[in-house]
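The values are calculated or read from the model by the stated rules, or taken from the named source; none is laboratory data. A quick note: this is a predicted structure, and the numbers were derived from the prediction, not measured. Glycine also receives a Cβ, built like all others from the backbone with ideal geometry; neighbour counts cover every protein chain displayed. The accessibility values were calculated without ligands, DNA or RNA, using every heavy atom of the protein model including side chains. Shrake-Rupley method; radii C 1.70, N 1.55, O 1.52, S 1.80 Å.
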Amino acid sequence: MKYEEIPIQKEWITEAKKRSLEMGRLKNSIEKGRGNVAGFLGEISTLYFLGEDPFCTKYNTYDYDLIFGDKTVEVKTKRCQSKPKDHYECSVASTSVFQKCTHYIFTRVDNDYKLCWILGWMEKGKYLKQAKFLKKGDQDGDNGFIASRDCHNVPISKLNAMKDFS
């Protein structure tokens with residue numbers, strides 16, 4: 001699968017830090033707020049990729065991050081140290097499955113905030129049907145990562161390509 005590699009612009013980092021401070025720590029945050037900046041960079045990069053204003057916040061709600069056409073989209077982001085591989089997993093925490101979105105888009109942001117990889121998308125219902133459930137403490141695939149929360153995982157290779165998101 002080909003990911004969409006987006007160079008992160010300096011002004012996006014400034015904006016992501018500002019939004020992170022404004023939002024603070026969300027209840028049930030897996031990283032207790034430490035992943036907020038990366039999460040906002042995932043959203044900003046996705047808006048940019050889709051040809052939307054990357055600084056747009058008018059759609060950002062508790063249930064979804066953006067609207068694209070008739071889709072309400074929740075962008076799920078993981079921080080990473082290296083370029084993603086197809087067998088890496090995308091996760092939705094069990095505490096988040098109630099969100100009223102229609103689609104998920106998955107991204108990864110490198111720890112230095114230089115690159116964002118937009119990995120792909122999947123309709124929420126299909127994602128939850130295909131996902132493997134991991135309990136807190138279970139090992140996530142063969143990468144040695146231990147799930148810090150109950151979550152639903154799908155490998156990157158099963159996502160739809162962003163070129164097909166319309």
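Can you name the residue in the range 125-140 that is open to solvent by less than 40 Å² (accessible area, probe 1.4 Å) and in contact with an Asp or Glu (Cβ under 8 Å, 6 or more places away or on another chain) and is also nearest to residue 90 (Cα to Cα) among such residues?
Top of the filtered list is 140.
Select from the range 2-17 the residues that are outside any strand (DSSP E or B) and surrounded by fewer than 16 Cβ atoms within 10 Å (Cβ to Cβ) and list them in ascending order.
2, 9, 10, 11, 14, 17
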